[in-house]
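Reading through the structure tokens given below for one structure.
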Amino acid sequence: MRIGELAERAGTTTRTLRYYESRGLLPARRDEHGYRAYDERDLRLLTQIRTLRDFGFELEETRPFVECLRAGHPEGDACPASLAVYRRKLDELDALIGELQAVRAQVGAQLARAERARDELAAEAHAPGSPEPLCELGGQEQ
């Protein structure tokens, strides 16, 4: 198949395919007329790359998977280099999850502090002779 058909079937652009070719991720085969020629194996390579990219892998991180597919492994992730990339990505995700959990804890603590302050203001407002509390945007508290 030609580059346009491959791009359409893979759900990408011809520009992307040329870029992958320039990066050595997609083979640069030509037919007898000089047109780029691709087959189902190339579509499988692109599917692997796109799946990994959708999972947040950098383009260069897909290389071991592509090489594994080219070596004849049907899924592209059974090779040691592919497994190593999976492990690194999991470590990266675990670190990000830890950072997000820390931020969540801080936001939760801020919310609890703000709710306590609101409750204290509300209690003061109900004391005899106290003015109605105003929110920081200048309107009456609801």
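The values are calculated or read from the model by the stated rules, or taken from the named source; none is laboratory data. Values in this document were obtained by computation on a predicted structure and should not be read as measured data. Positions of Cβ are generated from backbone atoms using ideal geometry, with glycine treated the same way; all protein chains shown enter the neighbour counts. For the accessible areas, the whole protein counts, side chains as well, though only heavy atoms, and no ligand, DNA or RNA atoms are used. Shrake-Rupley method; radii C 1.70, N 1.55, O 1.52, S 1.80 Å.
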**OP:** Can you run down the residue pairs with Cβ atoms below 8 Å, 6 or more apart or on separate chains, where the first is in the stretch 14-36 and of a type in the set (D, E, K, R) and the partner is in a strand (DSSP E or B) and surrounded by 15 or more Cβ atoms within 10 Å (Cβ to Cβ)?
**Re:** Glu21/Arg36; Arg29/Arg36; Arg30/Arg36
**OP:** Just name the residue that is surrounded by the fewest Cβ atoms within 10 Å (Cβ to Cβ) out of those in the stretch 41-61 that are within 19 Å of the chain's Cα centre (by Cα), acidic (Asp, Glu) and assigned to a helix (DSSP H, G or I).
**Re:** Asp54
Original post:
Is it the case that the stretch 64-78 has a residue that's more than 23 Å from Glu8 (Cβ to Cβ), open to solvent by less than 20 Å² (accessible area, probe 1.4 Å) and over 21 Å from the mean Cα position of the chain (by Cα)?
Top reply: yes
**OP:** Sort out which residues of the stretch 6-40 are assigned to a helix (DSSP H, G or I), surrounded by fewer than 12 Cβ atoms within 10 Å (Cβ to Cβ) and among the charged types (D, E, K, R), and write them in order of number.
**Re:** Arg15, Glu40
**OP:** Determine if the stretch 36-55 includes at least one residue that is on the phi > 0 side of the Ramachandran plot and not acidic (Asp, Glu).
**Re:** no
Subject >> Selection count where residues are in a helix (DSSP H, G or I) and in contact with a Lys or Arg (Cβ under 9 Å, 6 or more places away or on another chain), scope the stretch 74-113 >> reply: 2
